[in-house]
1. What shape does the range 81-150 have by the C-alpha gyration tensor, where a ≥ b ≥ c are the square roots of the eigenvalues, rounded means a/c under 1.5, and otherwise prolate means a/b greater than b/c and oblate the rest?
2. Using a Gaussian network model of the chain whose springs link C-alpha atoms within less than 10 Å, name the residue from 106, 174, 22 with the highest mean-square fluctuation.
3. Taking amide H positions as placed in the peptide plane 1.01 Å from N, state which residues far from residue 64 in sequence (5 or more) or on other chains have amide H under 5 Å from it.
4. On C-alpha positions alone, give me the angle between the axis of helix 133-176 and the longest principal axis of the chain, in degrees, nearest 10.
5. Roughly how many Å² of residue 126 are accessible to a 1.4 Å probe, to the nearest 10?
6. Say the dipole of the range 1-137 comes from +1 at the beta carbon of Lys and Arg and -1 at that of Asp and Glu; which of 31, 110, 64 then lies farthest toward its positive end?
7. Using the Cα centre as the reference, give the magnitude of the dipole from point charges on the C-beta atoms of the chain (Lys, Arg: +1; Asp, Glu: -1; all else neutral), rounded to the nearest 20 debye.
8. Remind me, what semi-axes does the range 1-51 give for its equivalent ellipsoid, largest first in whole Å, using sqrt of 5 times each Cα gyration tensor eigenvalue?
Amino acid sequence: ASILRLCQKMNSERDLNALLDLVVTEASRLLDCERASIFLFTPARDELVSRVALGSEQTIRVRAGVGIAGTVAATGELITVNDAYSDPRFFQGIDDDTGYRTRNLLALPLAGADGEIIGAFEILNKRAGTYTAEDTQIALSLGANAALAIQNAQMIGELRRHRATLEAENRNLLRELGGRLPAQSLLGMSAPI
């Protein structure tokens, strides 16, 4: 029931940063771990960027394909690591930069509505024991819902930016026309419409 409520909250959140905060906070609570991070893929720079990592204020950037998050994003496969520093895929540079010590982690791809990988979701340092099959199922459920909510929030953000651009262009056009619109020649400006 708590996962269902969380998924409803995720789907109603339209601000991307607030959504990412919600996901990592709740994932850490539900899976009893110290920290969670969401890495979003930025194709133009061929990197994964995490602006939100519970317990960290830093923006984390890694090249696509590097580390566990990069491997998950590249392969689309879930990875569970019980001893991070003994896994050759683990990128210690993030721990070095943040001062954090990763012991174990559960990482899964974030796939959008079209199945395209948009990032990776890492859950770090289980407080007691190792990640279980139930933890994996919870993480997969959260990740699937989070990916869709992230895509929706990104699209809404893009629409807001486009609207602001169009409004600015309209204001500039009005200024250039001296504040007068030739109403007869503009579509959608007649009284019946």
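1. Verdict is oblate for the range 81-150.
2. 174
3. 47, 48
4. Approximately 20 degrees, to the nearest 10.
5. 30 Å²
6. Selected residue: 31.
7. With only Lys, Arg, Asp and Glu charged at Cβ, the dipole is about 620 debye.
8. Largest first, the range 1-51 gives 23, 14, 8 Å.
The values are calculated or read from the model by the stated rules, or taken from the named source; none is laboratory data. Everything numeric in this text was worked out from a predicted model, so none of it was measured. Please note: Cβ atoms are built from the backbone with ideal geometry, for glycine as well, and neighbour counts cover all protein chains shown. Quick note on the areas: whole protein, heavy atoms, side chains included, nothing else; ligands and nucleic acids left out. Shrake-Rupley method; radii C 1.70, N 1.55, O 1.52, S 1.80 Å.
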